[in-house]
Structure formats: structure tokens, C-alpha cells
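What follows is one structure encoded as C-alpha cells, with my remarks underneath.
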Amino acid sequence: MEVSKKYRLGTLATEIIMVLLALVFLIPFYFLFVNSVKTFSDLLTNSASWPKSFEWHNYARAWEITNFPKAFTNSLIVTVISNMVLSMFSGMAAYRMVRHNSRFNRFLFTIFVAAMVIPFQSIMIPLVKVMSSLSLMNSIPGLIIAYLGFGVPLSVFLFHGFVKSIPLEIEEAARVDGTSIYGTFFRIVLPLMKPMFVTVIILNTLWIWNDYLLPSLVLQSADLRTIPIATFAFFGQFTKQWDLALPALVLGILPVIIFFLAMQKYIVEGITQGAVKG
């Protein structure tokens with residue numbers, strides 16, 4: 001009984017600590033929301049206070065100024081297409097590297113891992129020059145191609161660890177039944193890789209949807225702006241329209257928060273299984 005009581009107390013203390021930590025992490029969201037429905041003067045006077053009146057027209061103005069439907073569509077197109085191509089090709093590449101453990105594949109995987117530590121800022125100028133020479137600047141397809149190049153290393157790394165946890169005997173049984181190598185991957189391996197596919201999609205979505213630097217380099221036309229670029233329109237050299245920028249930020253992060261909350265249960269499962277060594 002004494003051990004059980006201590007266990008319950010320990011569990012309760014852990015839950016209280018977790019709740020307090022959650023509240024700490026939610027503080028930025030509190031500041032973001034309450035200040036998004038304030039007037040500009042109230043926002044500057046006391047940013048931590050509860051709004052005296054909810055200025056919902058801030059959202060309407062931010063929606064109109066940013067041309068939010070167009071920016072949302074651009075972000076959605078870039079994120080969805082990049083994720084589809086990136087996850088599928090990275091999964092296939094990682095499967096090939098694991099199941100055909102040749103010297104070349106080991107070297108190629110090392111290159112992918114090494115590419116993860118290269119700072120993006122160090123290759124910005126060469127990137128712009130290369131994309132300009134290929135006529136990929138100021139285009140959605142050019143931005144998607146750039147995301148594919150930068151997203152492959154981490155995606156391949158995650159898939160590589162996950163494929164090692166898949167028993168080889170399952171694939172050998174499929175081969176005995178006459179299944180081709182492509183049939184084995186798409187019918188046997190691909191369904192087993194679902195947790196890692198979801199994990200890679202979630203991580204890349206959080207990155208691509210919220211990225212500012214790469215779209216700011218590639219896209220110049222106002223019609224091609226993604227949500228982060230459209231939001232930056234409220235910050236000029238001499239003025240910062242916080243009363244409009246904050247509603248735009250809320251509108252921008254709301255879709256990805258909903259997506260993350262709906263899919264987060266797969267993250268731990270995918271990363272945990274991917275950490276198992278075959």
C-alpha cells in the first residue's frame with residue numbers, strides 16, 4: 001500500500017510539472033492572440049493585459065492586405081507537392097541504400113548526412129546564381145525544387161533508420177511468392193513505413209510552411225508570395241504595424257497547428273521505431 005501511495009504521488013507530481021511546463025510553452029500563444037485583437041495604442045501600452053475590447057476587424061484588414069487566400073493557396077501548393085515528392089523519393093532512396101549495402105550506397109548516405117550540417121546561409125549566393133541560370137527564379141516550381149534539394153538529407157536519414165527495423169524475412173517471403181522488387185516495396189514495405197512517412201511529412205510541413213528565407217530569395221512577384229512573405233509586408237523600414245501583423249500571424253499558423261495536433265501521435269511512434277537498429 002505504501003509503495004502504491006508513493007507511486008500515485010509521484011505520478012501526480014509529474015502531471016503537475018507537465019501541466020506547468022505546458023502553460024509556460026503556451027505563453028507566447030497567449031501574447032500572440034490577445035494582442036492580435038487590440039488596437040495599436042493598447043498593444044503598445046500593455047501587451048500582457050487582457051483586451052479592453054476585441055478588435056476583430058484587425059483580422060479582416062490583415063486578410064485583405066495580405067491577400068490571404070492567394071498566399072494560403074501558394075503555401076499549400078508548395079507544401080503539399082514538396083511533401084509528396086520528398087517523402088516518396090526519400091523513402092525509396094533509403095530503402096535501396098539499406099537493402100543494397102554497397103560501398104557506393106554507404107558513401108552516398110554519408111554525403112546525405114554530411115549535407116545536414118551545412119548552413120543554409122553559406123550557400124545562398126550560389127543557390128541564387130544556379131537557379132537564375134536555370135530560369136527557376138520567381139516561380140513556384142523553382143521553389144519546390146529548392147525545397148526538395150534541402151529536404152532530402154534529413155528525410156533520407158530518418159527513413160534509413162526506420163527501414164532497418166523492418167524484418168527482411170517479410171520481403172524474402174514476398175520474393176518467394178514471385179513479387180517483383182517494386183511490388184515488394186509498394187505492397188509490403190510502404191505500408192509498414194507509414195509511421196515514418198507521417199513523421200517526415202509533419203516535420204517538413206512545419207519547416208516549409210513557416211519558412212521565410214528561401215521564398216524571400218526565390219520569389220519576387222506579389223502574386224507568388226507565401227504566407228510568411230505576405231506577413232512581412234507589415235514591417236517596413238520606419239513602421240511596424242503590429243496590430244495587423246499579429247492577426248496575419250495567427251491566420252498563418254492556425255492551419256499548421258491544426259494539422260500538427262491531428263497528426264502528432266505518429267511522431268513519437270515513427271521516431272522511436274526509426275531508432276531501432278536492425
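Each value in this text was obtained by applying a stated rule to the coordinates, not by laboratory testing. All values derive from a computational prediction rather than experimental measurement. So basically every Cβ, Gly included, is an ideal-geometry build from the backbone, and we count neighbours across all protein chains shown.
Measure nothing but the geometry: give the 0 to 90° angle between the long axis through the Cα atoms of 194-210 and the longest principal axis through the Cα atoms of the chain, rounded to 10°. Tilt of helix 194-210: around 30 degrees.
Each label was represented as a point 7 Å from its Cα along the Cα-to-Cβ direction; for residue 129 and residue 26 these points are 5.1 nm apart. Using a cut-off of 16 Å between alpha-carbon atoms, which aspartates and glutamates can reach residue 240, once sequence neighbours fewer than 8 places away in the same chain are excluded? Counting by Cα, and skipping residues close in sequence, residue 240 has these aspartates and glutamates nearby: 42. Shape class for the range 119-217, computed from the alpha carbon gyration tensor (a ≥ b ≥ c): prolate, with a/c not under 1.5 and a/b above b/c.
Treating the range 1-144 as a set of equal point scatterers at the Cα positions, no solvent, please give the Debye-formula log₁₀ I(q)/I(0) at q = 0.09, 0.10, 0.13, 0.22 Å⁻¹. With one equal scatterer per Cα and no solvent, log10 I(q)/I(0) is -0.70, -0.82, -1.01, -1.28. The magnitude of the dipole of the range 65-178, with charges of +1 and -1 set on the Cβ of Lys/Arg and Asp/Glu and taken from the Cα centre, is near 320 debye. Taking a 24 Å limit on the Cα-Cα distance, which of the listed pairs 194/265; 38/265; 164/194 fall beyond it? Checking Cα-Cα distances, 38/265 exceed 24 Å. Relative to the longest principal axis of the Cα atoms of the chain, the long axis of helix 242-263 makes an angle of roughly 30 degrees. Principal-axis analysis of the Cα atoms of the chain puts helix 2-36 at an angle of about 50° to the longest axis. Computed from backbone phi with θ = phi - 60° and the Karplus coefficients 6.51, -1.76 and 1.60, the 3J(HN,Hα) list for the range 162-176 is 6, 4, 4, 7, 7, x, 5, 4, 5, 5, 5, 5, 5, 5, 4 Hz; x is used for glycine and proline. The Cα atoms of the range 15-79 give a gyration tensor whose axes a ≥ b ≥ c have a/c of 1.5 or more with a/b no greater than b/c, which makes the shape oblate.
Let me make sure I get this right: for the range 160-211, a, b and c are the square roots of the gyration tensor eigenvalues over alpha carbons, sorted descending. Under 1.5 in a/c it's rounded, otherwise prolate if a/b > b/c, else oblate. Which is it? It is prolate, given that a/c is not under 1.5 and a/b is the larger ratio.
If you take the alpha carbon atoms of the chain and fit the smallest convex hull around them, that volume is 200 Å³ per residue. In this rough spin-label picture, where each label sits 7 Å from Cα along the Cβ direction, the residue 19-residue 39 distance is 3.8 nm.
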